[in-house]
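Remarks on the structure that follows.
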Ligand SMILES: [Zn+2]
Ligand SMILES: [Zn+2]
């Protein structure tokens with residue numbers, strides 16, 4: 001959804017909708033069901049304030065066991081929207097809260113990209129299907145949440161593996 005910035009007045013507009021996020025806008029995960037968006041856009045001088053809430057779910061891949069799992073998104077946001085031109089002209093000095101400033105191009109506010117960005121921010125760096133995910137067995141590759149393969153779970157000491165590589169190389173050239 002695209003909204004021309006000039007349509008946003010001091011009184012503002014409020015939207016309540018269900019939308020499907022564009023898959024390519026997500027840095028992590030897959031689109032599952034539409035997300036619910038409640039957003040209020042109102043003008044405050046040059047700035048447009050965008051406040052609201054996103055709720056819904058996406059599918060992530062566990063960083064330990066590589067299985068897909070549903071991840072619920074619940075994000076409240078309070079953003080300042082500014083035309084990107086103010087950046088290049090240097091007219092507006094960014095304040096301390098520049099993290100919450102979003103720039104829009106060509107006078108158009110892209111609601112899809114705003115929502116996708118907020119979802120991307122809620123996704124953890126190393127997603128886990130559950131906090132105690134046991135991951136994949138380094139010996140046989142089994143998903144240890146499902147199978148108890150009985151292999152030693154110990155992660156090899158990196159110092160020893162370097163020594164092992166060294167010994168292997170030495171063997172190879174000898
Ligand atoms: Zn997992
Ligand atoms: Zn195993």
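Bear in mind that the values in this text are calculations on the coordinates, not laboratory data. As the structure is a computational prediction, the values presented were derived from the model and not from experiment. Here Cβ is always computed from backbone atoms with ideal geometry, including for glycine, and neighbour counts include all displayed protein chains.
Just give me the residues in the range 48-66 being in contact (Cβ under 8 Å) with a residue 60 or more places away in the chain and either under 13 Å from residue 119 (Cβ atoms) or within 16 Å of ligand 2 (Cβ to nearest atom) (or both), in sequence order.
Matches in the range 48-66: 54, 58, 60, 64, 65, 66.
Within the range 102-148, track down each residue that is over 25 Å from the mean Cα position of the chain (by Cα), surrounded by fewer than 15 Cβ atoms within 10 Å (Cβ to Cβ) and within 16 Å of ligand 1 (Cβ to nearest atom).
Residues satisfying the conditions are 138, 141, 146, 147, 148.
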